[in-house]
Amino acid sequence: MSVTGVGFQLHDTPEALAEVVAARVLEAARRAIAARGRFVLVAAGGRTPLQVYARLARACSDWSRWLVLHGDERCLPVNDPERNSHAIAAVWLDPVALPPNKHLPIPAELGAEPAARRYAELIAPLLPFDLVLLGMGEDGHTASLFPGHTMPEGEALTMAVHQAPKPPADRVSLTPGALAAGREALVLVSGAGKRKALARWRAGASLPVARVAEAAGAEVLVDAAAWG
């Protein structure tokens, strides 16, 4: 199944979806490490990918060869449990003892603009990323790219986000161009709450997730509840 060149892959349950995605991540890591000696992953925030990260925590890999980046972050204190970096570390990175210098969180505690500038400098030498994981919100957003917000064009890698429709209002996000700058990209869509946005996407609506997925040539993995 495809919409504007983006392929959709349907799975029966959230658990089946998470199993497939975890296996895809591990296989991408194996190939990247064999070819280039490291694996650069842009991790998705939110709840849906946590099932994937929990499965990675039980897997075996040469974690010293991984570099884990983030697609977006909320401007909250470093140890706030609502931060993507905190949640991912708790579920996956801490259990596998990923070396601290292999996890590169967005320093969003500095404020949106300073954090965006610093993160752009940090990730620029790591292009192209090996794999970009993305989720989709109930409004069709991905990372912290929200409908109705202006997105930068050109070579910018990061952007400050203000007045986000979900708290906190201030965030940092990779730009559409940066999220599309990967060798592979996977979009995870799970749960009945995503059904309306997914239907709009399939009908051709210009949602942020659609824009990024098309630019990245992403595969979209969907569970039955979201597909309807």
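The values are calculated or read from the model by the stated rules, or taken from the named source; none is laboratory data. These numbers were taken from a predicted model, which means no experiment stands behind them. Neighbour counts are summed over all protein chains in view; Cβ atoms, including those assigned to glycine, are modelled from backbone coordinates with ideal geometry. Areas reflect the complete protein model, heavy atoms only, side chains present, ligands, DNA and RNA absent. Shrake-Rupley method; radii C 1.70, N 1.55, O 1.52, S 1.80 Å.
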In deg cm²/dmol and to the nearest 500, what is the mean residue ellipticity at 222 nm of the chain if only DSSP H runs of at least 4 residues count, each as -39500 (n - 2.57), divided by the residue total?
-9000 deg cm²/dmol
The ³J(HN,Hα) series, computed from each phi in the range 216-221 with the Karplus coefficients 6.51, -1.76 and 1.60 at θ = phi - 60°, rounded to the nearest Hz and given as x for glycine or proline, is 8, x, 6, 8, 10, 9
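Keeping all protein chains in place, calculate the accessible area per residue for the range 1-128 (probe 1.4 angstrom), answer in Å². If you can, show how the numbers build up before the last one.
Details: 6050 Å² over 128 residues.
I get 47 Å² per residue for this part.
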Distance in nm between pseudo-label sites at residue 13 and residue 224 (7 Å out along the Cβ direction from Cα):
1.0 nm
I need the peptides 68-76, 157-165 ranked by packing, meaning the mean over residues of other C-beta atoms within 10 angstrom, with the highest value on top.
68-76, 157-165
So what's the Cα pair-distance distribution over the range 71-185, bin width 5 Å, in %?
2, 12, 20, 26, 22, 13, 4, 1
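Checking the a/c ratio against 1.5 first, then a/b against b/c, what shape does the Cα gyration tensor give for the range 56-115?
Details: a/c = 2.85, a/b = 1.88, b/c = 1.52.
The shape class here is prolate.
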What share of the DSSP beta bridges in the chain is antiparallel, in percent to the nearest 5?
30 percent
Theoretical FRET efficiency, 1/(1+(r/R0)^6), r = Cβ-Cβ of residue 183 and residue 162, R0 22 Å, to 0.05
0.10
At 7 Å along the Cα-to-beta-carbon direction for both residue 126 and residue 47, put a label point, then send me their distance in nm to one decimal.
2.7 nm
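When the accessible area of the chain is split by element with a 1.4 Å probe, what percent falls to carbon and sulfur?
Reported share for carbon and sulfur atoms: 52 percent.
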To the nearest µm²/s, what D does Stokes-Einstein give for the chain at 10 °C and 1.306 mPa s, using the Kirkwood radius over alpha carbon pairs as Rh?
91 µm²/s
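Taking only protein heavy atoms and a 1.4 Å probe, what accessible area per residue, in Å², does the range 144-221 have with all protein chains in place? Could you put the intermediate results ahead of the total?
Values: 3400 Å² over 78 residues.
I get 44 Å² per residue for this part.
To the nearest 20 Debye, how big is the dipole of the range 1-102 about its Cα centre, given +1 on the beta carbon of each Lys and Arg and -1 on that of each Asp and Glu?
Working: 12 positive and 10 negative charges, 89 e Å.
So the magnitude is around 420 debye.
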